[in-house]
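The values are calculated or read from the model by the stated rules, or taken from the named source; none is laboratory data. Just so you know, these numbers come straight off a predicted model, no measurement behind them. Reconstructed Cβ throughout: ideal geometry from the backbone, glycine too, with neighbour counts over all protein chains shown.
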Amino acid sequence: MTAADQPPANASGRQFVRNAASSYANLVIGIILSLVLTRVILRHLGAGTYGLWIVLLSIVGYLALLDTGVSTAVVQRVARLSAVGDREETADVIRTSLVFFSATGTIAVLVTVAVAPYLSSFLHLGDVSGTVAERTLVILGVMTLVKFIGSVPSAVLFGAGRGDRQAQIGGVGLIVTQVAQVVVVLAGGGLVGLALVTVGGALFSLFAMSGLIRRATGSSVHDGRFRRALLVDLLRFGSRNTAIAVGGIIAYSLDALVIGLILPVAQVAPYDIALSTANLTRNLTTQGTDMLLPTYAHFETAEDAGRQGWLFSKAVMASLAISIPMLIALAAFGEPILKLWLGTVPPQTYKIMIALGLVTALQLPGHQCFIFLTGVGRNQVLIRLSLLGAALNLAGSVAATFWLGPVGPAIGSLPVVLVLDFFVLPVLVCRHLELPFAAYARGALLPVVPGALVAGILTALFLVVHPIHGGSTLRDGVQAAASATIVVVAALATLLAVLFRVEPQFRDPLVARLRRRRS
């Protein structure tokens with residue numbers, strides 16, 4: 001096959017594998033560094049300062065709404081343009097989105113400057129200096145400006161099918177940033193030092209990815225022009241994602257703030273630590289399948305609903321096949337693993353971790369529905385459902401926090417997630433694809449069952465043969481971590497064996513490759 005015959009990046013299986021592998025490598029690096037940074041901050045700054053850092057990051061995270069979904073619209077638009085090779089329009093998309101994000105990033109900085117003086121009036125800062133909190137928030141606002149501008153080359157690379165380059169640059173930036181953050185904390189730089197280092201890392205990623213745009217697309221910001229009509233189109237598509245994002249923020253991202261407003265700010269620490277394990281599960285299960293957004297857009301342009309349906313079913317299956325064994329392993333071995341990681345574990349962390357793990361697993365089909373519907377340009381069907389679900393979720397989280405403490409947001413989310421993400425959204429996607437729900441269940445849900453059974457049986461055997469008493473020693477923690485790893489790996493191996501036996505799409509290419517090598 002000549003270079004001219006090669007399929008476009010978003011339709012190439014090999015390119016998808018490279019994208020997914022780079023993304024997962026980036027994820028592993030981030031997990032390792034995050035584990036170290038969390039422990040360093042807790043030990044050297046205390047639970048109160050750590051909780052404030054998380055709340056400030058949450059506040060700045062809400063400024064992502066100023067994105068108004070344009071970055072995702074850029075991904076979807078660039079993927080469609082790449083499918084037809086329209087470089088001129090791609091250059092206009094780059095220039096138009098850069099102007100937009102420069103403006104919204106500046107607004108983000110101004111918002112943090114306006115909010116900073118009032119932090120002490122609505123947060124229980126305890127013994128943390130109000131001046132330090134204000135300065136940190138403003139610096140994080142500057143970080144938001146840099147990240148907004150950096151979202152343009154990031155979205156373009158992703159939409160052009162070069163998520164591997166995006167992940168590689170992000171991985172290097174992550175290493176530099178978090179190593180520097182650890183050094184700053186150990187040197188006594190405090191929250192202000194942490195925030196300054198974060199800005200530096202965002203600048204590095206911005207400049208590094210900007211240099212790759214022309215190579216990936218054949219276009220750059222210098223080739224294009226700002227077009228108001230194009231911006232309106234991007235905003236129209238992106239506004240739907242903004243409404244969905246508002247629902248997500250109300251439903252889930254407000255959890256740390258809800259706890260900080262109702263309970264002492266130190267109570268945010270156990271929730272955030274537990275949330276980091278849930279995010280680990282979510283990232284491990286969705287890091288590869290998120291690469292499918294531009295692929296869905298490509299096949300929508302090519303009018304290939306069959307490939308879309310097959311990819312969607314397998315994306316849901318892959319997500320659940322990883323998350324369910326991880327949830328089983330954490331439920332059995334999570335407490336000693338937490339002690340191995342943190343040494344001193346804040347109260348209720350383990351209980352919150354299990355509740356959030358269950359919420360995460362039930363959310364995964366809904367997440368895959370969001371990726372699919374955004375890729376095909378049909379995300380308007382999500383708006384009403386996401387806002388209704390968010391309102392119910394927030395009400396349940398607030399009530400449960402008053403009654404149950406920091407585990408409340410997780411418990412309050414369960415009913416809505418079960419109904420909306422696990423059942424309703426997959427039904428809507430099946431209708432769009434004209435795919436019977438029974439066929440979706442056979443392709444996406446049924447293959448997960450053998451792996452889950454293997455995970456449960458192995459976990460029970462480990463607990464019988466090598467019971468963990470109290471989980472207070474280094475040996476208990478290492479044994480628990482090893483057992484959990486074996487459980488997850490065995491469950492995934494079972495899934496691969498099932499797929500190899502019943503799915504010709506997985507088996508035939510491998511068999512053909514082996515035959516070619518032998519001949």
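Regarding segment 61-69, can at least one residue be identified that is under 24 Å from Thr286 (Cα atoms), more than 18 Å from the chain's Cα centre (by Cα) and among the charged types (D, E, K, R)? No - not one qualifying residue is present in segment 61-69. Looking only at residues in segment 202-235 that are over 27 Å from the mean Cα position of the chain (by Cα) and among the polar types (S, T, N, Q), the one that is surrounded by the most Cβ atoms within 10 Å (Cβ to Cβ) is Ser219. The single residue among Ala512, Ala493 that is modelled with pLDDT of 85 or more and part of a helix (DSSP H, G or I) turns out to be Ala493.
Screening Phe158, Phe148 for residues that are closer than 17 Å to Arg214 by Cβ and part of a helix (DSSP H, G or I) leaves exactly one candidate, Phe158.
Condition check ((1) surrounded by 19 or more Cβ atoms within 10 Å (Cβ to Cβ); (2) in contact (Cβ under 8 Å) with a residue 12 or more places away in the chain; (3) closer than 30 Å to Arg378 by Cβ; (4) among the basic types (Lys, Arg)) across all residues:
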site: Leu254; (1), (2), (3), (4): yes, yes, yes, no
site: Ile259; (1), (2), (3), (4): yes, yes, no, no
site: Val265; (1), (2), (3), (4): yes, yes, no, no
site: Asp272; (1), (2), (3), (4): yes, yes, no, no
site: His298; (1), (2), (3), (4): yes, yes, yes, no
site: Asp304; (1), (2), (3), (4): no, no, yes, no
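Here Val78 clears all of (1) under 23 Å from the mean Cα position of the chain (by Cα); (2) at positive phi except the condition numbered (2).
Okay, residues lined up against (1) buried (at least 19 other Cβ atoms within 10 Å of the Cβ); (2) more than 21 Å from Trp310 (Cβ to Cβ); (3) touching a residue at least 60 places away in the same chain (Cβ under 8 Å):
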site: Cys430; (1), (2), (3): yes, no, no
site: Glu434; (1), (2), (3): no, no, yes
site: Leu445; (1), (2), (3): no, no, yes
site: Ile457; (1), (2), (3): no, yes, no
site: Ala460; (1), (2), (3): no, yes, no
site: Val464; (1), (2), (3): no, yes, no
site: Pro467; (1), (2), (3): no, yes, no
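Only one of Arg95, Arg162, Arg135 is closer than 30 Å to Gly48 by Cβ and in the same structural domain as Asn19 (by TED's automatic domain parsing). Can you tell me which?
Arg135
Considering each of Val55, Val78 in turn, give the residue that is farther than 30 Å from Gly224 by Cβ, at pLDDT 80 or above and either touching a helix residue (DSSP H, G or I) at 6+ places or on another chain (Cβ under 7 Å) or surrounded by fewer than 21 Cβ atoms within 10 Å (Cβ to Cβ) (or both).
Val55 is the lone residue from the list that is farther than 30 Å from Gly224 by Cβ, at pLDDT 80 or above and either touching a helix residue (DSSP H, G or I) at 6+ places or on another chain (Cβ under 7 Å) or surrounded by fewer than 21 Cβ atoms within 10 Å (Cβ to Cβ) (or both).
The set of residues in segment 181-194 that are crowded, with 18+ Cβ neighbours inside 10 Å and without any contact (Cβ under 8 Å) to a residue 60 or more places away in the chain comprises Val184, Gly193. Among the residues making up segment 283-307, those that are over 18 Å from Gly171 (Cα atoms) and either among the basic types (Lys, Arg) or not in a helix (DSSP H, G or I) (or both) are Ala302, Glu303, Asp304, Arg307. Within segment 460-478, one or more residues are in a helix (DSSP H, G or I), at pLDDT below 90 and among the acidic types (Asp, Glu). For segment 356-369, the set of residues classified as surrounded by fewer than 23 Cβ atoms within 10 Å (Cβ to Cβ) and under 11 Å from Asp290 (Cα atoms) consists of His367 only. No other residue among Ala243, Ala195, Ala251 is outside the structural domain of Ser323 (by TED's automatic domain parsing) and at pLDDT 85 or above apart from Ala195.
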